Structure formats: structure tokens, C-alpha cells
1. Classify the range 204-317 as rounded, prolate or oblate, taking a ≥ b ≥ c as the square roots of the eigenvalues of its Cα gyration tensor: rounded when a/c is under 1.5, otherwise prolate if a/b is larger than b/c and oblate if not.
2. Quick one: accessible area per residue over the chain, 1.4 Å probe, rounded to a whole number of Å²?
3. For the range 194-274, what does the relative contact order come out to in percent, with C-alpha contacts under 8 Å and a separation of six or more?
4. Take the alpha carbon atoms of the range 39-114, find their center, do the same for the range 255-306, and report the distance between the two centers in whole angstrom.
5. Before anything else, pin down the relative contact order of the chain: Cα pairs under 8 Å, at least 6 apart, normalised by residue count, whole percent.
6. Ordering Trp171, Trp194 by accessible area with a probe of 1.4 Å, largest first, what comes out?
7. Placing +1 at every Lys and Arg Cβ and -1 at every Asp and Glu Cβ, with all other atoms neutral, what dipole size does the range 15-106 have around its Cα centre, in debye to the nearest 20?
8. Hey, any idea what % of the range 50-115's accessible area is carbon plus sulfur with a 1.4 Å probe?
Amino acid sequence: MASTEGQATPTPPSYPFRQARGVGIDPEFARLRHEAPLARVTMPYGGQAWLVTRYEDVRTVLADRRFSRAATLGRDVPRLVPLVQQVPSILTLDPPDHTRQRRLVSRAFTPRRMEELRPKVEQFVDELIDELVGHGPPADLVAHVTRPLPVMVICELLGVPFGERHLFYTWSEAMRSTGADAVAKMKQAGQLPWDYLADRISVERENPSDSVLGTLVRARDEEDRLSEQELVSFAVTLLLAGHETTTDELGNFLYTLLVNPEHHDQLRAHPDMLEPAVEELLRFVPIGTLSGFTRIATEDVRLSGGLVRAGDSVVVQADSANRDESVFEAPDELNFRREPNRHLAFGYGPHHCLGAQLARIELRAAIGALLDRLPALALAVAEQEVAWKLGRSALGPQALPVTW
């Protein structure tokens, strides 16, 4: 068994350490940052791995080519979710293959293109708030705003029908499941998302558009720089991963504001603080029960907590890194005036989230409009009565009943 400085850990604890619920961060991470920043843990599947909790170490693992994602493909490595049939994708590639794909697909996510989407996102937000108000209080923010908004945006990006969103919800839920029924859910989803996107690509070829899917199809057909499998794989990744995370983040952020009225009031009184407030919420609010993908060390690498041997599996905890006292002053305080704020909510290095700018646009648009249009927005239930999604690899409220 590989270990720090050759010393084996007798009984590695199970990870995650406890069932995540709400937006609090597990206090065990603070202890590990101080006492065992490179800790041996037992993952739900595949055995033992190193857990990295300090900011600089997390950045190293995310950016250093000696920690490989591609080396995990098709292997029974330590991980949070069951092993299902894996297909190489932009999420599992290493440079230079990853660099080639990312350069191509990044054309669809240029800052200019994302900014051009802002008016449409704001229109979607206003329409959803209109429906929320029309329903009348109490109403569920998840059902009326945080869940449909990111799907509307992804449908707009890909040029797929919003009316088929129930399929996307089902598939995304299956891919994020970590509970006892995870394998059954994943098998049920199976090939369906791939077949669906392959059909949409056929439609795009017959009726070309300027959607993101259209951009990707042209990169495949006119330049032959994407294989057909790579094209479909990225479309599936975008459809399934591109909305659920923003749904959870938005629900978590709104919950945090609603249970911290002083910050809710501060943002209402100073709407110009919206941008730094969203960045601080990205840092402060944990998004996952496990941050990031397992990586395999391709050679020996020394981190601050010890030596990772070639062949060892490593997982990072970005939520812990975002609370690292050596980087963030008073990290357990929510401070909308924090500067600088070099959080790792969107990752770091080659796999930094392609959709980060779009997610920011959605988060700012929704929070800003809700504060402006519904200044008296408040939870309609006690905070301890809010139901949370369980048995998933990400955190988020199941429902968020509000009044105004």
C-alpha cells in the first residue's frame, strides 16, 4: 500500500465522512488541512485514495500533468460513483488530446458569445419570475426558477427543444446518483442521451444554425478536427453537466441569502456588489460531496503533506481549499467585500470549467432580478425544514418554499 513517507495508514476512514446536508462544510476538512493535508481515505467504490485538502496542493493536482485523468478510464479506481461503461470525453482526457478538443469547443464559449447570451438569460429570468409571482406565495423557487433556468439556457445553446427537458432531468439525476440505486439509474439512462444527441446532430446537419451544436458540427464536418464520437460526447457532456450544477449552485446561493438576512439586506441595499457577492458565494458555499475526478499519479510527486507515489489515486477537495486559512482571511465568514478572491469553484488548470462565464451570467441575473423584483423574499418554512437532495455527488435543495 502506498503511503506518506512510507507509513501506511492503519484504517483509512470512509469518504465522504458524513452525509452532506445543507450548505455547511464538513469541519473535518479544517482538521485535515492542519494535521493531515494528504490523508488516506476509503472511497465508496474502488478502494483507497489520497484526499488533498490544502489550496496550493489542490491547485497542483488540478494543473500538474503528472496527475492524469485519462489513466482512470475504464479502470476500477477509487471513486464516489459506481463504475459504468465509460467513453473518452473532454472530461477524461489529458493534454495534448484534451488541449486539441478544448481549443475547438472553446470557440462556442468565447466571452463575446457568452455576453451575447446575457439578454436572453435575463429574459428567461423575468419570464420565470413572472410565473412565480403568478403562482402566488408560497411557491417553490427550485421548481419555478432554479431548475428550469439552466435548462432553458442549455436548450438555447444547443438548439434543442425545451419541451423535452424532462429527459435531461432524468439523465442528469442518473449520472449524479451515488445512492444504493445508482447503478440501476445509470443503466436505465444508458445509451439514451447519446442516441438523443446523435439525432439532434442529424437535425443540425439538415438545418444548420448558429447554436453551439452548430459550431461543433461544423468543426467536425468542415475541418475534420473532431471525430463523430468526440462530437457526440461533448454534446452529451454539455447537456448533462451544463445545467444541473448551476441549478444546485443557484438554489444553494439563494438559500444562503435567505438564512443570512444581513447579507440579503446588504445586497439589496448595494446592488453594485452583486458581482463580488456571487464570487464570494462561489467560494463560501460547497457544491459537491466530492470535488473533482479521481486522478492517477504518473510519477512520484511531493505535496505539502507528503509523497504521492506513481500509480496512486488522488482526489481533491476544492470546497476545503476555498476555506484554506493560508489563502483566505477569515475563510469561514461570508464577506461580499473580499478581495482578492481566487476561489477554485470552477476548478483550475486545463480542466477549468468551460462554462464558468455562462454560469456567472445566470447566477447574477437570477439573484439580481429576485432581489430587485421580490425585495421581501423569505423562506416560507423554517430553515431546518428545507429538504435536500440526497444520494448525489452534488449538493442542492430539493425544494425551496418561499413567500414575499
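The values are calculated or read from the model by the stated rules, or taken from the named source; none is laboratory data. Quantities reported herein were computed from a predicted structural model and do not represent experimental measurements. Positions of Cβ are generated from backbone atoms using ideal geometry, with glycine treated the same way; all protein chains shown enter the neighbour counts. Calculation scope for accessible area: heavy atoms of the full protein, side chains included, ligands and nucleic acids excluded. Shrake-Rupley method; radii C 1.70, N 1.55, O 1.52, S 1.80 Å.
1. Numbers: a/c = 3.02, a/b = 1.18, b/c = 2.56.
Note, shape of the range 204-317 comes out oblate.
2. Details: 17360 Å² over 404 residues.
Result: 43 Å² of accessible area for each residue.
3. Details: 30 pairs, mean separation 17.0, N = 81.
Value for the range 194-274: 21 percent.
4. 19
5. On the way: 618 pairs, mean separation 111.0, N = 404.
After rounding, I find 27 percent.
6. My answer, sorted largest first, is Trp194, Trp171.
7. Details: 15 positive and 9 negative charges, 35 e Å.
Using Cβ point charges on Lys, Arg, Asp and Glu, the range 15-106 gives about 160 debye.
8. Values: 1490 of 3020 Å².
Of the solvent-accessible surface of the range 50-115, carbon and sulfur hold 49 percent.
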